[in-house]
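The values are calculated or read from the model by the stated rules, or taken from the named source; none is laboratory data. None of these values were measured; they are calculated from a predicted model. Note that we place each Cβ from the backbone using ideal geometry, even for glycine, and neighbour counts take in every protein chain shown.
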Amino acid sequence: MRRLHGQAIPHQEDAVTRLVSTCPIEPGRYTLESGKSTGYSYKKLEMKLHVDGKCVYKEESKSSLLRAVPNATVWKVESDLLVLDSLKPTTPGFVLRESRGNKSLERKVYRVEMPVSFVRGSCKFTPFEQQKRPFLGHQPHDTSTLIFGVVDPESPALRGLRCRPDRLPYHAFERELRSQGLPVDEILTDFHFVDRDADGLVSVEDMRRLETYGNPAAAPEVLEELREALVKNFATLANAFEVLSAMAGAGRVTTAEFQRFFEKIAEASNQGEVPRFAGRPLLAQGERSQSLKDWVGNTDPDARAAVFATLCPGDGEAIELADFLSLNLHTAVLALRRLEHFQHWIFEGFGRSSEVFRKVFKALGPPEGKGLSRKAFAEGTKALGYPGADGRVIRSVFSLLDRNFDGEISAREFLKLLEFRGEDVLRNLEALKRFVDTMLGGIDACFAKFVERERALQGLPASPKTASYEAFQRTCVQAGFSKVAPKADLKMLFLFLHEMPGRQATGYLSFSEWSLLKGFQSKAIAGSPARLRRIIEEVYGNVDEAFQRMHTAWLRRALAKGLKQTALAGLMHCVLTPKPSLERAPSRAAGSSFLADSTRPGSRMNNCR
């Protein structure tokens, strides 16, 4: 092969010079004809050199004919010679037929050689039709039916796509929001409004549905930030409501009084003197009050009105302590949405089978025969590329997967994630509340049964203040809850109730945790996509434009990936498919083209045996 120096197209300022091997003979048809067809000196050559190395050869003169055996010859270039060789060393690839008088003599030829300069300088070259029209017989589609006006919907580059080309994968939707610098971890609960059918795909109709929802309710993330800020400043939510109601002058707080409470906090943030209500300062000293100041500074009256509407049951005009304490409910709902997000991430990235979940658990890096600790789980999810592996998201996920309250997640516990559905948990919690009210005498009486069952289980002389899961489960089952909700996951319901205050699970349920079920309404804590819709409109203008831009960005990446996979698949096929040996037995006969010989003085055809 000849070595030619080629300069690569520079991607940066400095040009890069590379050594490229180039074949001096181009695949195609080569023909040569000399003399008159009726004359003694007439000679004709026809040759086809295919890209895969195979060739067709025919050379004739007045007294001889040299032709290639079909599918038995290959071509290559050695030094300055074009070599036509037999495909198999033991089988001749050519037949030479010569006429001598009235006799015809046929000989076998294994190899034909001719100078590259002769082929390029004397033969007429005609490229294959495929070089001009790569897809013979293909009728191109109308541009309007092509993806980006270029890609055929049947292109193999699309075969690896995990969704229809007119859909947007859920993870791609999230990725595009992240690429805009949006705090995706803070709006996870809004996402389930986009993918209502839980198929992991987003269509333009799904996004348009965001515009049909009614008045906005506060998102669980906003309520969780408020709850944490109030607890840091007032120590407990009960203390915070005590100050709030003292400002209102009654045990109930209206929306105007609710708004005035936060206006007073904003005023106190800018003043040196901090007012006191119910014997408590409105703002704590030092850094304890900073979170509350930040929350007030980052929200406007409309956002606070949405918080009040979320806490106010039905169409009521005021909230009470029980309503205010329901802020803890939204902490648990947020944990459910985070677990749901983690589950969907596994579904889309790895699959939905139990075998897939076993492999994912193993990839998270648990010690042999042991479970995953909180730290190991966070490190493992981060190593796998989970976008919420840092901070609150992964802590919530771990708490709801630690079903044995032992500080570790076992493989069996991890597999329970496969059958988890957040909407089922909320629906079964509402069923549990109705069941407790009708069959167990209400929330307070039911908890008394829990601690009495716990006393009997432990053999204590008096009832304890907390109840274990075993006491909770036995009381509910004995009362017949499993008949009302046969598919309810009682362990997940217990974890949800235990998650409400935002503390690490201990395996025991307190009365304050259980009593929060009084204010539970699945519709009230469902949230609203209003915040997500507002963000989309601010960044993209409208939902149609948002879908178009998100879909285009994703499809470009997916097509590039599909093309690479298609090319790699073809490359691997070539590498793994055995190639026929081009070596020839040295004792076999070889010859030179007699047309080529005529251009080289002194050369002649070798004897053929």
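Quick notes
- Scanning the range 32-55 for residues that are in a strand (DSSP E or B) and among the hydrophobic types (A, V, I, L, M, F, W, C), we see that the one that is surrounded by the fewest Cβ atoms within 10 Å (Cβ to Cβ) is L32.
- Scope the range 1-50; condition acidic (D, E), modelled with pLDDT of 80 or more and out of contact with any Pro (no Cβ under 8 Å at 6 or more places or on another chain); matching residues: E33, E46
- Candidates L384, L400, filtered to the one that is touching a residue at least 60 places away in the same chain (Cβ under 8 Å) and under 22 Å from S354 (Cα atoms): L400
- Checked against (1) closer than 20 Å to A238 by Cβ; (2) surrounded by fewer than 17 Cβ atoms within 10 Å (Cβ to Cβ); (3) among the polar types (S, T, N, Q), S289 passes all but a single condition, namely (2).
- Scanning the range 337-384 for residues that are among the basic types (K, R) and more than 26 Å from A558 (Cβ to Cβ) turns up R337, R338, R358, K362, K370, R374, K375.
- Figure legend. Inter-residue proximity from the range 243-259: first residues in the same structural domain as L226 (by TED's automatic domain parsing), second residues among the basic types (K, R) and at pLDDT below 85, beta-carbon distance below 7 Å, spacing 6+ or different chains. Indicated pairs: V243/R280.
- In the condition set (1) among the polar types (S, T, N, Q); (2) touching a residue at least 24 places away in the same chain (Cβ under 8 Å); (3) surrounded by fewer than 18 Cβ atoms within 10 Å (Cβ to Cβ), N298 is compliant with all but (2).
The rows are residues; the columns are (1) surrounded by 18 or more Cβ atoms within 10 Å (Cβ to Cβ); (2) of a type outside the set (A, V, I, L, M, F, W, C); (3) in the same structural domain as D199 (by TED's automatic domain parsing).
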position: D302; (1), (2), (3): no, yes, no
position: A306; (1), (2), (3): yes, no, no
position: A332; (1), (2), (3): yes, no, no
position: Q343; (1), (2), (3): yes, yes, no
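- Taking the listed residues L321, L292, the one that is within 17 Å of S245 (Cα to Cα), hydrophobic (A, V, I, L, M, F, W, C) and in contact with a helix residue (DSSP H, G or I) (Cβ under 7 Å, 6 or more places away or on another chain) is L321, with no other qualifying.
- Residues in the range 270-290 that are under 44 Å from the mean Cα position of the chain (by Cα) and more than 22 Å from L321 (Cα to Cα): G286, E287, R288, Q290.
- Restricting attention to the range 530-550, the residues that are small (G, A, S) and within 17 Å of V202 (Cα to Cα) add up to 1.
- Residue selected from the range 63-105 under the condition of a type in the set (D, E, K, R), assigned to a strand (DSSP E or B) and under 60 Å from the mean Cα position of the chain (by Cα), by the criterion surrounded by the fewest Cβ atoms within 10 Å (Cβ to Cβ): E78
- For F125, the conditions (1) farther than 20 Å from E59 by Cα; (2) touching a helix residue (DSSP H, G or I) at 6+ places or on another chain (Cβ under 9 Å); (3) surrounded by 10 or more Cβ atoms within 10 Å (Cβ to Cβ) all hold with the exception of (1).
- Helices (runs of 4 or more DSSP H) wholly inside the range 363-417 that include at least 1 residues being crowded, with 17+ Cβ neighbours inside 10 Å and either assigned by TED's automatic domain parsing to the domain that holds H498 or at pLDDT below 90 (or both): 392-401
- Members of the range 127-175 that are modelled with pLDDT of 75 or more and of a type in the set (A, V, I, L, M, F, W, C): F128, F135, L136, L146, L168, A172, F173
- Test: residue in the range 124-145 that is small (G, A, S) and touching a Ser or Thr at 6+ places or on another chain (Cβ under 8 Å): no
- Residue in the range 86-94 that is under 23 Å from R120 (Cβ atoms) and of a type in the set (K, R) present: no
- In the range 456-554, counting only helices (runs of 4 or more DSSP H) that sit wholly within it, the ones holding 1 or more residues that are modelled with pLDDT under 80 and surrounded by 15 or more Cβ atoms within 10 Å (Cβ to Cβ) span 490-499, 530-540.
- Any hit, the range 557-568, residues being surrounded by 14 or more Cβ atoms within 10 Å (Cβ to Cβ), modelled with pLDDT of 80 or more and either under 26 Å from the mean Cα position of the chain (by Cα) or assigned to a helix (DSSP H, G or I) (or both): no
- Meets criteria (buried (at least 16 other Cβ atoms within 10 Å of the Cβ), assigned to a strand (DSSP E or B) and in contact with a Ser or Thr (Cβ under 6 Å, 6 or more places away or on another chain)) for E60: no
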